[in-house]
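**Student:** Below you will find the structure I want to go over with you.
The values are calculated or read from the model by the stated rules, or taken from the named source; none is laboratory data. No experiment lies behind these values; they were computed from the predicted model shown. Here the Cβ is made from the backbone with ideal geometry for all residues, glycine too, and neighbour counts use every protein chain on show. Quick note on the areas: whole protein, heavy atoms, side chains included, nothing else; ligands and nucleic acids left out. Shrake-Rupley method; radii C 1.70, N 1.55, O 1.52, S 1.80 Å.
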Amino acid sequence: MSESVGTRPDTTAVMTEPVPDLQLQLLIQLLDREQRSSLPITLALPAGVLHGDVIGHEAWKADWARSLRQVEGEGANLIAEFPETVDQGIRELGDGTAQLPRWIHLRDATLVFGAAGSLRLPLWRGRLADVSGWALGRPQ
């Protein structure tokens, strides 16, 4: 029972990525049902702690477009519709099945870098797989 010369073991590379928190995905999916809904949330991220109001994807797109319509210039109108254009392309390529959210959107967010300070962000979008922990509410 000897190995044949020239055969090699299977060395197929397997790509893995962090798995998002299912409860957080379902919470976001619930917020997607009502564009006016939001909840205060605090997230632990590799960059620091982020807190703000978590909103659904449709609310984020509406806020994105509204903020860019206030900017002057030809490019602003084009970029204002960019998220909707991307969504339309995904719908055309997809199989039509609903998926759990892979992104999280915050309004009126603050990213805290520890002693280095903080950064205020009117809108923020990030990968759910990068969230290592979360809590409802904002720090006091």
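**Student:** Residue by residue through the range 39-88, note down the ones that are touching a His at 6+ places or on another chain (Cβ under 6 Å) and either assigned to a helix (DSSP H, G or I) or more than 23 Å from VAL112 (Cβ to Cβ) (or both). If you could, list the steps in order and put the result at the bottom.
**Tutor:** Let us first name the residues in the range 39-88 that are touching a His at 6+ places or on another chain (Cβ under 6 Å), namely 42, 55, 60.
Hit for the range 39-88 is TRP60, nothing else.
**Student:** Being within 26 Å of LEU26 (Cβ to Cβ) and acidic (Asp, Glu) is the filter; apply it to the range 39-94 and report the residue that is modelled with the lowest pLDDT.
**Tutor:** ASP87
**Student:** Next question, about the same structure. Looking only at the range 97-108, filter to residues that are assigned to a loop (DSSP other than H, G, I, E, B), open to solvent by 70 Å² or more (accessible area, probe 1.4 Å) and not basic (Lys, Arg); which one of those is modelled with the highest pLDDT? Outline the logic, then answer.
**Tutor:** Keep residues of the range 97-108 that are assigned to a loop (DSSP other than H, G, I, E, B), which gives 97-102.
Applying the additional criterion that residues be open to solvent by 70 Å² or more (accessible area, probe 1.4 Å) yields 97-99, 102.
Narrowing the set further to residues that are not basic (Lys, Arg) leaves 97-99.
Numbers: THR97: 54, ALA98: 62, GLN99: 82.
So, considering only residues that are assigned to a loop (DSSP other than H, G, I, E, B), open to solvent by 70 Å² or more (accessible area, probe 1.4 Å) and not basic (Lys, Arg), the one modelled with the highest pLDDT is GLN99.
**Student:** With the condition kept exactly as written, say whether any residue in the range 15-23 is at pLDDT 75 or above, open to solvent by 100 Å² or more (accessible area, probe 1.4 Å), among the aliphatic types (A, V, I, L, M) and assigned to a loop (DSSP other than H, G, I, E, B).
**Tutor:** For the range 15-23, residues at pLDDT 75 or above, open to solvent by 100 Å² or more (accessible area, probe 1.4 Å), among the aliphatic types (A, V, I, L, M) and assigned to a loop (DSSP other than H, G, I, E, B): present.
**Student:** Considering only residues of the range 109-134 that are part of a helix (DSSP H, G or I) and touching a residue at least 40 places away in the same chain (Cβ under 8 Å), which is nearest to ALA59 (Cα to Cα)? Don't jump to the end; show me each part of the working.
**Tutor:** Applying the first criterion (part of a helix (DSSP H, G or I)) to the range 109-134 yields 114-116, 128-130.
Adding the requirement that they be touching a residue at least 40 places away in the same chain (Cβ under 8 Å) leaves 114, 128-130.
Numbers: GLY114: 29, LEU128: 17, ALA129: 21, ASP130: 21 Å.
Per the stated criteria, the residue is LEU128.
**Student:** Tell me whether the range 79-96 contains one or more residues that are in contact (Cβ under 8 Å) with a residue 40 or more places away in the chain, open to solvent by 60 Å² or more (accessible area, probe 1.4 Å) and within 21 Å of PRO20 (Cα to Cα). Break it down into steps so the answer makes sense when it comes.
**Tutor:** So the first thing to find is which residues in the range 79-96 are in contact (Cβ under 8 Å) with a residue 40 or more places away in the chain, and the list is none.
For the range 79-96, residues in contact (Cβ under 8 Å) with a residue 40 or more places away in the chain, open to solvent by 60 Å² or more (accessible area, probe 1.4 Å) and within 21 Å of PRO20 (Cα to Cα): absent.
**Student:** Determine which single condition LEU30 fails, assuming it passes every other condition in (1) open to solvent by 70 Å² or more (accessible area, probe 1.4 Å); (2) at pLDDT 95 or above.
**Tutor:** With respect to (1) open to solvent by 70 Å² or more (accessible area, probe 1.4 Å); (2) at pLDDT 95 or above, LEU30 is out only on (2).
**Student:** Yes or no: ARG36 modelled with pLDDT of 80 or more, part of a loop (DSSP other than H, G, I, E, B), charged (D, E, K, R) and over 20 Å from ASP21 (Cα atoms)? Please lay out each step first, then the result.
**Tutor:** Working: modelled with pLDDT of 80 or more: yes; part of a loop (DSSP other than H, G, I, E, B): yes; charged (D, E, K, R): yes; over 20 Å from ASP21 (Cα atoms): yes.
Answer is yes for this residue.
**Student:** When you scan the range 97-138, how many residues do you find that are closer than 22 Å to PRO20 by Cβ and out of contact with any strand residue (DSSP E or B) (no Cβ under 9 Å at 6 or more places or on another chain)?
**Tutor:** 6
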